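*Asks:* One structure, pasted below without further comment.
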Amino acid sequence: MKLLTRRSVLRRLCAVPAVALTGGLPLIARAADYTLKYGNNLPVTHPLNIRAQEAADRILKESNGRVDIKIFPNNQLGGDTDMLAQVRSGGIDFFTPSALVIATLVPVAAINAVGFAFKDYSQVWGAMDGALGAHVRAAIAQRKLYAFEKMWDNGFRQTTSSKAPVTTAADMDGLKIRVPVSSLPISMFKGLGAAPASLQFSEVYSSLQTKVVDAQENPLPIIQVAKLYEVQKYCSLTNHIWDGYWFIANGRMWEGLPQELKTIVARGINEAGLAQREDIKKLNASVQSDLEAKGLKFNQPAPDTFRQALRTAGFYKEWQGRFGNEAWSLLEQSVGKLA
């Protein structure tokens, strides 16, 4: 019997047809043509990540395995500033900054956060899915980034306090309130006569507990997760700022995708964004019920006195000048006269 060497065995195997080698088992799937990285700052259980994963799965299937989007949630790839820099450089391919985050690069992107601009979601989506959103996307494109058509929802921001409910603008007078480190909300609360203090979010609970500040403002799910109901008594549904996430892509990567793959990716991401909006709407309703059960007292002030106070303080005129007449006109087409 002839002894088979390793080389002769390999030679014989190479001569055997691939079908025979599989023995009826499925062939190993080929690698994707485009393996793309998407980073965000939210936990994997957040509706944004759940819907993003659904979009990634759909895109992989509809592209026949050519586009594989890998999701890195919960700041795995760095903070917002880091990820914004990475998506610009091509270190990552997708990122979902809030409007206030991307406004550090594209100032007009903060226009949706103008105080008491939007009364409800119908006005929000009318503006951001319409001409105002198109204007902001064009400004983002100037920075060599591609913004998908549909914004994803972060929610309206609400006001909590340990002192008393906020029912009119007069209740803001002298109120020590924590705000993000951002010029727009600082300007707004000063215009209402409050005393805003810019603090990192990690400092919010202890600052409320020790009375460094008496109030804060955030979307309801944040109030729930951070357990702010333990150090606050009242929640006023002021809806003073709406914020959302722009789903953005590195411009060079996007331009390099074949058109048929752009269509598949854009459809998957935009339709997932629409579903995420509904998720947030339902989440807010359930969160309010949970917070009420935990003892937080809710009230719903009307926006009229707040808008009037901001007009008197010159807030709207100031920000009209900062954003420019064209963008401001598009905002007022959706929400009515502000300045």
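The values are calculated or read from the model by the stated rules, or taken from the named source; none is laboratory data. No experiment lies behind these values; they were computed from the predicted model shown. Note that each Cβ is placed from the backbone with ideal geometry, even for glycine, and that neighbours are counted across all protein chains shown. For accessibility, only protein heavy atoms count, side chains too; no ligands or nucleic acids. Shrake-Rupley method; radii C 1.70, N 1.55, O 1.52, S 1.80 Å.
*Asks:* How much net charge surrounds Ala197 when only the other residues with a Cβ under 13 Å from the Cβ of Ala197 are counted, with Lys and Arg +1 and Asp and Glu -1?
*Replies:* +1
*Asks:* At a Cα cut-off below 20 Å, give the aspartates and glutamates reachable from Lys262, other chains included and same-chain residues fewer than 8 away excluded.
*Replies:* The reachable aspartates and glutamates, counting only those whose Cα sits under 20 Å from Lys262, are Asp33, Glu54, Asp57, Glu62, Asp68, Asp93, Asp129, Glu149, Glu271.
*Asks:* Charges at C-beta only: +1 for Lys and Arg, -1 for Asp and Glu. How large is the resulting dipole of the chain about its Cα centre, in Debye rounded to 20?
*Replies:* Its charge dipole is roughly 1260 debye.
*Asks:* Roughly how tilted is helix 131-141, in degrees to the nearest 10 and between 0 and 90, from the longest Cα axis of the chain?
*Replies:* Helix 131-141 and the main axis of the chain meet at about 60 degrees.
*Asks:* Find which of Ala99, Ala138, Asn75 sits farthest along the positive direction of the dipole of the range 27-144, computed with +1 on the beta-carbon of Lys and Arg, -1 on that of Asp and Glu, about the Cα centre.
*Replies:* Result: Ala138, furthest along the dipole toward the positive end.
*Asks:* If the cut-off is 15 Å between C-alpha atoms, which aspartates and glutamates fall inside it for Lys317, apart from same-chain ones fewer than 8 positions away?
*Replies:* Glu326, Glu332
*Asks:* Further question: Compute the relative contact order of the range 142-202 as a whole-number percentage, counting only Cα pairs closer than 8 Å that sit 6 or more residues apart in sequence.
*Replies:* 27 percent
*Asks:* Here's a follow-up. How would you classify the range 103-219 from its alpha-carbon gyration tensor, with a ≥ b ≥ c the square roots of the eigenvalues: rounded for a/c under 1.5, else prolate if a/b is greater than b/c, otherwise oblate? Show your work: numbers first, answer last.
*Replies:* Details: a/c = 2.48, a/b = 1.89, b/c = 1.32.
In terms of gyration-tensor shape, prolate.
*Asks:* Shifting gears a bit: Can you say what percent of the DSSP beta bridges in the chain, counting only those with both residues inside, are antiparallel? Round to 5.
*Replies:* 50 percent
*Asks:* Still on this model: Can you compute the helix-only [θ] at 222 nm over the chain? Use -39500 (n - 2.57) per DSSP H run of at least 4 residues, normalise by all residues, nearest 500 deg cm²/dmol. Intermediate results must be reported in sequence, preceding the final value.
*Replies:* Numbers: 15 runs with 156 residues, N = 339.
Rounded to the nearest 500, it is -13500 deg cm²/dmol.
*Asks:* Summarise the accessible area of the range 40-187 (1.4 Å probe, protein heavy atoms) by the percent that is carbon and sulfur.
*Replies:* Percent of accessible area from carbon and sulfur atoms in the range 40-187: 51.
*Asks:* Under 1.5 on a/c is rounded, so check that first for the chain, then, if it is not, pick prolate when a/b is larger than b/c and oblate when it is not; a ≥ b ≥ c are the square roots of the alpha carbon gyration tensor eigenvalues.
*Replies:* In terms of gyration-tensor shape, prolate.
*Asks:* So, taking all protein chains as they sit and a 1.4 Å probe, how much accessible area belongs to Lys317, in Å² rounded to tens?
*Replies:* Taking all protein chains as shown, Lys317 has close to 140 Å².
*Asks:* Just to be sure I follow the rule: in the range 78-225, considering lysines 8 or more places apart or on different chains, how many pairs have Cα atoms under 27 Å apart?
*Replies:* 10
*Asks:* Here's something else I'd like to know. May I ask you to derive the relative contact order of the range 46-198, considering only C-alpha pairs under 8 Å and at least 6 residues apart, and to give it as an integer percent?
*Replies:* 13 percent
*Asks:* While we're looking at this one, here's another question. Under the classification rounded if a/c is under 1.5, otherwise prolate if a/b is larger than b/c and oblate if not, where does the range 256-336 fall, given a ≥ b ≥ c as square roots of the Cα gyration tensor eigenvalues? Please report the intermediate quantities before stating the final value.
*Replies:* Numbers: a/c = 3.79, a/b = 1.17, b/c = 3.24.
Taking the square roots of the gyration eigenvalues as a ≥ b ≥ c, the range 256-336 is oblate.
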